[in-house]
1. Mind checking the alpha-carbon convex hull of chain B and giving the volume per residue in Å³?
2. What distance in nm lies between label points placed 7 Å from Cα along the C-beta direction at A:LEU35 and B:ALA224?
3. With label points built 7 Å along Cα→Cβ from the Cα atoms of A:CYS20 and B:ASP159, find their separation and express it in nm.
4. May I ask which residue of B:GLY248, B:ASN266, B:LEU30 lies farthest towards the positive end of the charge dipole of chain B, with charges of +1 (Lys, Arg) and -1 (Asp, Glu) on Cβ and the Cα centre as origin?
5. Measure nothing but the geometry: give the 0 to 90° angle between the long axis through the Cα atoms of B:162-184 and the longest principal axis through the Cα atoms of chain B, rounded to 10°.
6. Quick one: if you stick a label point 7 Å off each Cα along the C-beta vector at B:ASP313 and B:MET1, how many nm between them?
7. Give me the number: length gained by fully extending B:VAL352 to B:ALA299, i.e. 0.36 nm times residue separation minus the C-alpha to C-alpha distance, one decimal in nm.
8. Springs between alpha-carbon atoms under 10 Å, Gaussian network over chain B: tell me which of B:VAL12, B:VAL64, B:VAL208 tops the mean-square fluctuations.
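The values are calculated or read from the model by the stated rules, or taken from the named source; none is laboratory data. Everything numeric here is computed off the predicted structure, so don't read it as measured data. So basically every Cβ, Gly included, is an ideal-geometry build from the backbone, and we count neighbours across all protein chains shown. Accessible surface areas use protein heavy atoms only, side chains included; no ligands, DNA or RNA. Shrake-Rupley method; radii C 1.70, N 1.55, O 1.52, S 1.80 Å.
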Amino acid sequence: MALPSSKPNPVLVGVLFALCFAAITLTLFITPESLSVNLVYQAF
Amino acid sequence: MFPAIWSNRHAVALILVIATLLTLPMLMSLVGLPPRDRVYSGIRVETGTGPLDEREIFEEKDPVDILFVGSSLIVRGVDLDYIQQQLSSRLGRPVKIARLSLKWQGLDMQYMLMRDFLEHRKARLVIMDMPTLALIGDSPHIQAYRWMRWGEFPRSTADLSFRSRVAIYGAQVLGAPRQLVNYIRPNRQIRDQNLVAKLGSQSEYGTVGYFGGPFVPEPRTPPAIPLESMFSHGASDSNFDFSGQPLGPYHQYWARSIGDLAKQYNVPFAMIHIPEDTEKGMTQVPERMYWPAVVGLPAAPILAIPSATLFRDTSPTEINNYYYDQHFNDNGKELFTRAITPALLDLYTKEVHGAPVQ
C-alpha cells in the first residue's frame, strides 16, 4: 500500500528530534533500577 | 525506503504524543491529581506493604504510640505484635504500634511515608531504620515513580540540586501514565483485608532458609544485654562505627527533611539498626554516618545491638539460619525483637512520659 508522501516541514522535524533528545536525556537521569524493575515485573 | 516521518500531519502527531508524555506530570497537576491515597493503592502488591501503608495512613484514625518507618529490613526485623503486647503490659492499657514501609531503601521514601502519616494521624514516637550499604547511588527511590507526583512536594524539593530535581521529574514522567490509570481504575484488591495484612507482614519469607537453603528452626531467646548498651551515646560510642560510606547529598537532604518534619510535628524521633547478614561477627554496629547529626536532631538516640552481641550464644555456623538473605527470617526477627524490646519500652517511657528528645 502506498503511503501519502509529502516531505515534512524541517521545523517540525527539528522540534520532533529535540523532543526525542529531551526524552533520552531525561531517561539518563532516572534511577536505573526503576527502569529495570519496571521492565522485569512491574510493567503496567 | 520507508520514511520515518512521512508528512507534516505525522510529524505533528508524533510531537503531540512525545510532548504529552513528557509534560504529563505537570498536565495532571493542572487538571487535578487523584486523591493521595490512590498513590498507595497504585503501588503493585508484589512490591510489599503499600496497601497496608494506605490503610494505616488514610483509613485508621486513632493515634499510634509507636510508628516504625523504614524499608523491608524493618518489616522483616521487628515483630510489631510482640512489642505491642509488651508495651501494653508495661503501660497497663491497650497500645497501638504501626509500621510504614516500602521495599528498597531511600530516605525520600521514608520522608514521604512519615509526612503522609503525620498529616493524617498522630504518632507519639517515630522510629526509623537508616540506610545501609544496600542503598546504592544517590538518586530517587526505586519506586519513586509510584509515589512522587508533580507539585506535591514543592517546598521539599525546591532546594535540591538541579540534577536531583531532573531525576525526580524523570521518575514523575515514568510514573505519570500509571497515575493516570489511578483516575480511571483504582486498585480494588486492597479491599481484601487478609491480603493487605499478608502483604504487610511479608510472611512468605518467615520460614525460608539462607539464600534458598532449608529453613532450620533456631532458639529465639536472646542473651541478656545491658539496657544502656543498646542506646547510642554520641559519635564516639565504642559500640558503634559511624565511619561508613557517607550518603550522597540527595539522601542527606531528605535526612534533614525528616528531622525538620519531627520538629514541625513535635514528635520524638529515634532510629533503630536492624543487623544484616554481612555484620556477622562484628563487635560494633556499622553505620554509614552519625545519624543524629545528619537528621539535625542531636539528642535522637539510635537503638542497636552489635551482631556479635546478639549472636553471642549462637555458633558461627548457625547464624545464617537466622537470615533468608540480608533480611531476617522468623528466627532472626523474633530473636532481635525480643532482644531490643526492653530498650524500646524504656525509650517510649522516657520520650512520651519523660523528657522529650530534642
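1. Numbers: hull volume 61.5 nm³, N = 358.
Output value, Cα hull per residue: 172 Å³.
2. 5.7 nm
3. Once both label points are built, they end up 4.2 nm from each other.
4. B:LEU30
5. That helix lies at roughly 80 degrees to the long axis.
6. Between B:ASP313 and B:MET1, the label points sit 7.7 nm apart.
7. 17.6 nm
8. B:VAL12
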